[in-house]
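Engineer: Quick one: the structure is below, questions incoming.
The values are calculated or read from the model by the stated rules, or taken from the named source; none is laboratory data. Every value quoted in this text rests on a predicted model; they were computed, and no experiment measured them. Cβ placement follows ideal geometry from the backbone for every residue including glycine, while neighbour counts extend to all protein chains displayed. All accessible areas refer to the heavy atoms of the entire protein, side chains included, with ligands and DNA or RNA removed. Shrake-Rupley method; radii C 1.70, N 1.55, O 1.52, S 1.80 Å.
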Amino acid sequence: MHPVVKFGIIESLLWGCAVGAFANGLEKITGKVLLLSACVLVGVLLAVYGQIYQTGADAWPIYAIWAALIFPWVSISRFFALWVFWLAVSNVALILFWFQADISDHSEFGWGICLLLAMLNAMGLLAREVGLQRGVEWLRHRWGQQVLWLVVVVPLTIPSLLLIIAPSIGGGLFLGAIGLAIGLVVGQYYFRYRRPDLFCLGLNVSSVSILLLAFLVTNLGTDFEEAADFLLTGLLVLGVSTSAAFVLRRIAGSLEHHDV
């Protein structure tokens, strides 16, 4: 297929979705979905452009340009799913920039990318809270709160886990562990008293459980060469998971008067 044909098809679909979105109105779900499709097609157009005109350049500028180009549409969409999509594209751009620009190799804080990702996503969660305080109704989607907290906890848990099982690799793992400790304390208060959410509290408990299990297995010196090692590990997993379930049941009981 000739490049002109490829560009023509993608751009026709892109502008068709964009025009259709504004013609239907951004207050309707049809318009919102069409605008989301247009934003996705911008990325497809950039990908095809990079495939046809291969320059050997890194991939992170494509994602950065993608995020920049669709931001005006995102900012007027009043569609939380599109904001989450934009944040995902921004996350990928940051990850690729960190590794393709060799920052991880020339920095003593190679794993600092996890902390940066958590901070970026936490800013999204904070922006949502500010919007809710100002009465922005389209932000009142609990799944959005849950997704945003997930992408805060997971990046912070990774360096904390590595600090336990492979502390010698360094690279800013300790900063990630400090960030996780702060995040869990703030998140436990926020999702229990300000915006009660059992799923988010469950993420906190799961993170602590994973780190506790890793600490126990590492310090018991199991090498998994004998059946007893597997049996002991299985008992530890059972004990930690049972304790986590008990804690979550207690939390759920205390939140019964909330809409959880």
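Engineer: Keeping all protein chains in the complex and leaving out DNA, RNA and ligands, what accessible area do you get for Val89 with a 1.4 Å probe, in Å² to the nearest 10?
Structural biologist: Its heavy atoms expose roughly 10 Å² to the probe.
Engineer: Top mean-square fluctuation among Leu173, Leu34, Leu238, Gaussian network model of the chain, C-alpha springs under 10 Å?
Structural biologist: It is Leu238.
Engineer: Oh, and also: For the chain, with a Gaussian network of springs between Cα atoms less than 10 Å apart, report the residue from Gln188, Gln146, Gln54 with the top mean-square fluctuation.
Structural biologist: Maximum fluctuation in the GNM of the chain, among the listed residues, is at Gln54.
Engineer: I would also like to ask the following. Provide the solvent-accessible area of Ile76, counting protein heavy atoms only and rolling a 1.4 Å probe, rounded to the nearest 10 Å².
Structural biologist: Roughly 80 Å² of Ile76 is accessible to a 1.4 Å probe.
Engineer: Here is a follow-up. Tell me the relative contact order for segment 72-178 as a rounded percent, counting alpha carbon contacts under 8 Å between residues six or more apart.
Structural biologist: 32
Engineer: Per residue, how much space in cubic angstrom lies within the convex hull of the C-alpha atoms of the chain?
Structural biologist: 174
Engineer: When only the heavy atoms of the protein chains count and the probe is 1.4 Å, how do Trp149, Trp86, Trp143, Trp15 rank by accessible area, highest first?
Structural biologist: Highest to lowest solvent-accessible surface, that is Trp15, Trp143, Trp86, Trp149.
Engineer: Another question, then. Rank these by accessible area, largest first, 1.4 Å probe: Val217, Val185, Val74.
Structural biologist: The residues order as Val185, Val217, Val74, largest area first.
Engineer: For the chain, what % of the accessible area comes from carbon and sulfur atoms, probe 1.4 Å?
Structural biologist: After summing per-atom areas, the C and S share lands at 70 percent.
Engineer: If I histogram all Cα-Cα distances within segment 144-243 using bins 10 Å wide from 0, what percent of pairs lands in each bin?
Structural biologist: Per 10 Å bin, starting at 0, the Cα pair percentages come out as 15, 39, 31, 13, 2.
Engineer: Okay, next question. So if I average 1/r over every pair of distinct C-alpha atoms in segment 1-135 and take the inverse, what Kirkwood radius in Å does that give?
Structural biologist: About 16.6 Å for segment 1-135.
Engineer: Could I ask something else about it? What accessible area per residue comes out for segment 1-52, rounded to a whole number of Å², with a 1.4 Å probe?
Structural biologist: Ligands and nucleic acids excluded, the figure is 55 Å² per residue.
Engineer: For Arg249, Arg195, Arg128, give me the order by solvent-accessible area with a 1.4 Å probe, most accessible first, ignoring ligands, DNA and RNA.
Structural biologist: Ranking Arg249, Arg195, Arg128 by accessible area, largest first, yields Arg249, Arg195, Arg128.
Engineer: What figure in square angstrom, to the nearest 10, would you give for the accessible area of Thr242 with a 1.4 Å probe?
Structural biologist: Only protein atoms counted, so the area is about 80 Å².
Engineer: GNM, the chain, Cα, under 10 Å: largest mean-square fluctuation among Leu162, Leu175, Leu216?
Structural biologist: Leu216
Engineer: What FRET efficiency comes out for Gln146 versus Lys6 if R0 is 35 angstrom and r is the Cβ-Cβ distance? Round to the nearest 0.05.
Structural biologist: Computed FRET efficiency for Gln146 and Lys6: 0.40.
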